[in-house]
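Data block below; observations after.
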Ligand SMILES: Cc1cc2nc3c(=O)[nH]c(=O)nc-3n(C[C@H](O)[C@H](O)[C@H](O)COP(=O)(O)OP(=O)(O)OC[C@H]3O[C@@H](n4cnc5c(N)ncnc54)[C@H](O)[C@@H]3O)c2cc1C
Ligand code: FES
C-alpha cells in the first residue's frame, strides 16, 4: 500500500481556526491535492510557521473531496503547534501528505470498535465517519477518553450502547449524527462520562458479543502509549483483531532519517520499522506481544 501512496507537497491555506478549552484546536486547511486521497490513519507533515523549522506530523481528522479541505485536531504541547494555532484565516501553509498506510478494513469484518484517547481521537473518529459513508449498515461503536474537556460538541446519546451502564450517556455529536453509538471516559469527572479508562468501557461492550460476533469485529485505536498497550492486551484477551496507530517524533516523515523506528514482530522475527512510511498503523500483535 505504501508504494502506491502518492504524497503531495502543496501550498495550502488556512480556512478556519477553532479554539477549544485547554489549548486545543481544530484547524481547517484548503489543500486541494491531499484532500482528494487522504484516508483515516494517514497523516500530513505540516509547516507550523513562526520560528519553527521542523514540521509536525498531524493525523487527518477529516478530509473533504468536495470542499478540497483537510482538518486537524491538536493540543499545543510545544512551540511548533503553538505557532500553527496562531495562524489566521487566509495564511499560507505548506503541507505534505497523505503519508503512511492508514487503517485497513478487511471485508469480512462486519463490525468495528473505535477507541481514541486525547489527540489520538482524530484518526479513529475519521475512520468511523468514512466506514459509515461506505457502508451505512456496518455496526460501529466508539469509546473516547480525555482528561481535559473534549474538543468536540457533546450531548446525551439517544443510541443504545450494550453492556454500558445507562448513567454513562454522554457522546460526541459527530458520532451520534452518523449513527455511531459512542461513550466517553475521563477521570476528570465530566457529566455522563465513565470515571475511569476508555478500555473499561470497551471491555464491558465486548463482553456482550458472541464468539461469532467477535470474529467479525476489529478494533481501531490511537492514543497515548499506555492506552495503546491496554487496548492491545484487551484485544488479545478477548481474541479480537486490532490495529493501532502509533505516534513517534519525526524529523523527515518520508523514510530517510530512521528517527521514527520502532521494533515490531513480523513472522516471528523482530524487525525495525519506520513509523512514518511503514506505519503509522500496525497490527497490535506486531507491537505488543
Ligand atoms: C503519525 C502522527 C500523528 C500525529 N497526530 C497528531 C494529532 O492529530 N494531534 C496532535 O496534537 N498531535 C499529533 N501527533 C503528535 C505531534 O506531532 C507531536 O506531539 C508534536 O511534536 C507536537 O508539536 P509541538 O510543537 O506542540 O511540541 P514539540 O515542540 O514538538 O514538543 C513536544 C514534546 O516532545 C519533546 N520532543 C520534541 N522532539 C523530540 C524528539 N525528537 N525526541 C524526543 N522528544 C522530543 C519535547 O521536548 C516536548 O516535550 C502525531 C504524531 C505522529 C507521529
Ligand atoms: S521520520 Fe525520518 S524515517 Fe521516519
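Computed values, structure above
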item	result
Search result, residues across the range 154-209 that are part of a loop (DSSP other than H, G, I, E, B), under 20 Å from the mean Cα position of the chain (by Cα) and under 10 Å from residue 143 (Cβ atoms)	197
Options 164, 124, 198, 178; residue that is surrounded by fewer than 24 Cβ atoms within 10 Å (Cβ to Cβ) and closer than 19 Å to residue 235 by Cβ	164
Single unsatisfied condition, residue 271 versus (1) over 24 Å from residue 61 (Cα atoms); (2) within 15 Å of ligand 1 (Cβ to nearest atom)	(2)
Some residue of the range 212-219 being modelled with pLDDT of 95 or more and within 16 Å of ligand 1 (Cβ to nearest atom)	no
Positions within the range 52-82 being more than 7 Å from ligand 1 (Cβ to nearest atom) and either modelled with pLDDT under 95 or in the same structural domain as residue 128 (by TED's automatic domain parsing) (or both), in sequence order	53, 54, 55
Failed item in (1) surrounded by fewer than 20 Cβ atoms within 10 Å (Cβ to Cβ); (2) more than 17 Å from the chain's Cα centre (by Cα); (3) within 14 Å of ligand 1 (Cβ to nearest atom), with residue 265 passing the rest	(3)
Entirely in the range 34-90, the strands (runs of 3 or more DSSP E) that have 3 or more residues that are within 19 Å of residue 247 (Cα to Cα)	43-46, 56-59, 69-75
Residue selected from the range 142-156 under the condition crowded, with 21+ Cβ neighbours inside 10 Å and in contact with a helix residue (DSSP H, G or I) (Cβ under 6 Å, 6 or more places away or on another chain), by the criterion farthest from residue 112 (Cα to Cα)	146
Residue match in the range 126-135 (condition: in the same structural domain as residue 199 (by TED's automatic domain parsing) and within 9 Å of the chain's Cα centre (by Cα))	yes
Count of the range 219-239 residues which are surrounded by fewer than 21 Cβ atoms within 10 Å (Cβ to Cβ) and touching a residue at least 12 places away in the same chain (Cβ under 8 Å)	6
Candidate set: the range 240-271, residues that are without any contact (Cβ under 8 Å) to a residue 12 or more places away in the chain and in a strand (DSSP E or B); chosen: the one farthest from ligand 2 (Cβ to nearest atom)	269
Flag if residue 191 is free of Cβ contacts under 8 Å to residues at least 24 places away in the same chain, away from ligand 2 (no atom under 16 Å from the Cβ) and in contact with a strand residue (DSSP E or B) (Cβ under 7 Å, 6 or more places away or on another chain)	yes
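The values are calculated or read from the model by the stated rules, or taken from the named source; none is laboratory data. Fair warning: this is a prediction, and the values are worked out from it, not measured in the lab. Heads up, the Cβs are rebuilt from the backbone with ideal geometry, glycines too, and the neighbour counts pull from every protein chain shown.
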